Amino acid sequence: AQSVTQLGSHVSVSEGALVLLRCNYSSSVPPYLFWYVQYPNQGLQLLLKYTTGATLVKGINGFEAEFKKSETSFHLTKPSAHMSDAAEYFCAVSDYTGGFKTIFGAGTRLFVKA
Amino acid sequence: DGGITQSPKYLFRKEGQNVTLSCEQNLNHDAMYWYRQDPGQGLRLIYYSQIVNDFQKGDIAEGYSVSREKKESFPLTVTSAQKNPTAFYLCASSIGQLSGNTIYFGEGSWLTVV
C-alpha cells in the first residue's frame, strides 16, 4: 500500500537560508510524486510533480525536488528562503496499485524568520 | 478563468442540522473529490466521483453524502450523523482518476458547529 511520511511537522529557517523539506514514500511500483503548497485559509496548489524521466524536478517559485528511488525519498528544496515561502507544504504519492488514489502526507509548516 | 469554486467560505451548523457545501468546476474535469482537513492530520478523502451519476466512499465517508448529477457540480452534505464536523473542507478535481494526474483544489470552506 502507498504511504507518505513527511519528517518534521514544523521547519523554521532564516530568510535567505536553504529550505529543505523531507518526504519519504512507500510504493511497490514506480510512483508518481507531488509537492503542493497551501497558504492560510486557501486550497492547495501544485508546486511540482514527478512522473517519469529526469529525477530532478523543477517547480514554481524556485523550488525543486529530487526523486531518489534507492532512498524512497522526494525531498523539496529551495536555495534561498523568502518571507513569502511561509506556508504549509504537502508531499503526495499515487500509483495504480492504490486504485489511482492520491495519498497526502500530514504536511510540514514552514516558518521564515526575518 | 477556469477553476473550482466552493461556497460558502464560512458556514455555521447547529446541532442536528444538515448542511450542504457547494462545489462547481469549469475545468471540464471528469473526476471530483472532497477532502477534510484537520490541523496536523493532512487531508483525508471523504468521497470521490469519476463520472456523472457515480461516486465512491473515501476513507471517512460516515456522516457525509454527495451527489454528482452534473459533470461540473459535486455538492457535499454534512449530516447530523457526523459527530465532529468542525473542519476545513476542500473540493478538488482532476482530468481523470489516473496516477500522475494533478489534482486541482478549490479555496476551501470552513464549517463550524455552534
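Of the residues A:20, A:56, only one is within 11 Å of the chain's Cα centre (by Cα) and at pLDDT 95 or above; which? A:20 is the lone residue from the list that is within 11 Å of the chain's Cα centre (by Cα) and at pLDDT 95 or above.
If you check A:61, A:24 for being more than 12 Å from every other protein chain (Cβ to nearest Cβ) and part of a helix (DSSP H, G or I), only one passes: A:61.
Do you know which of the residues in region B:74-114 that are more than 14 Å from chain A (Cβ to nearest Cβ), surrounded by 15 or more Cβ atoms within 10 Å (Cβ to Cβ) and closer than 26 Å to residue A:36 by Cα is farthest from the chain's Cα centre (by Cα)? Of everything passing the filter in region B:74-114, B:85 is farthest from the chain's Cα centre (by Cα). On the stretch given as region A:70-99, residues that are modelled with pLDDT under 95, open to solvent by less than 10 Å² (accessible area, probe 1.4 Å) and more than 17 Å from residue A:57 (Cα to Cα) total 1. Of the residues making up region A:38-56, one or more are over 11 Å from residue A:108 (Cβ atoms), within 12 Å of chain B (Cβ to nearest Cβ), of a type in the set (D, E, K, R) and in contact with a strand residue (DSSP E or B) (Cβ under 9 Å, 6 or more places away or on another chain).
For region A:64-89, a residue qualifies if it is among the aliphatic types (A, V, I, L, M) and in a helix (DSSP H, G or I), and exactly one does: A:83. Could you tell me whether region B:48-64 includes any residue that is touching a residue at least 24 places away in the same chain (Cβ under 8 Å), within 30 Å of residue A:7 (Cα to Cα) and small (Gly, Ala, Ser)? Checked region B:48-64: at least one residue is touching a residue at least 24 places away in the same chain (Cβ under 8 Å), within 30 Å of residue A:7 (Cα to Cα) and small (Gly, Ala, Ser). Of all residues assigned to region A:100-112, at least one qualifies as being touching a Cys at 6+ places or on another chain (Cβ under 9 Å), at pLDDT 95 or above and more than 8 Å from chain B (Cβ to nearest Cβ). Counting only residues that are open to solvent by less than 30 Å² (accessible area, probe 1.4 Å) and not aliphatic (A, V, I, L, M), which one in region A:28-54 is farthest from residue B:3 (Cα to Cα)? Residue satisfying both the conditions and the ranking: A:31.
Of all residues in region B:66-106, those that are farther than 18 Å from residue A:43 by Cα and in a strand (DSSP E or B) total 4. Residues that are under 15 Å from the mean Cα position of the chain (by Cα), without any contact (Cβ under 8 Å) to a residue 40 or more places away in the chain and either more than 12 Å from chain A (Cβ to nearest Cβ) or open to solvent by 20 Å² or more (accessible area, probe 1.4 Å) (or both) within region B:1-45 comprise just one, B:44. Residue count for region B:4-32, restricted to those that are in a loop (DSSP other than H, G, I, E, B) and either in contact with a Pro (Cβ under 9 Å, 6 or more places away or on another chain) or among the basic types (Lys, Arg) (or both): 2.
The values are calculated or read from the model by the stated rules, or taken from the named source; none is laboratory data. Please read all numbers here as calculations on a predicted model, not as lab measurements. Heads up, the Cβs are rebuilt from the backbone with ideal geometry, glycines too, and the neighbour counts pull from every protein chain shown. Accessible surface areas use protein heavy atoms only, side chains included; no ligands, DNA or RNA. Shrake-Rupley method; radii C 1.70, N 1.55, O 1.52, S 1.80 Å.
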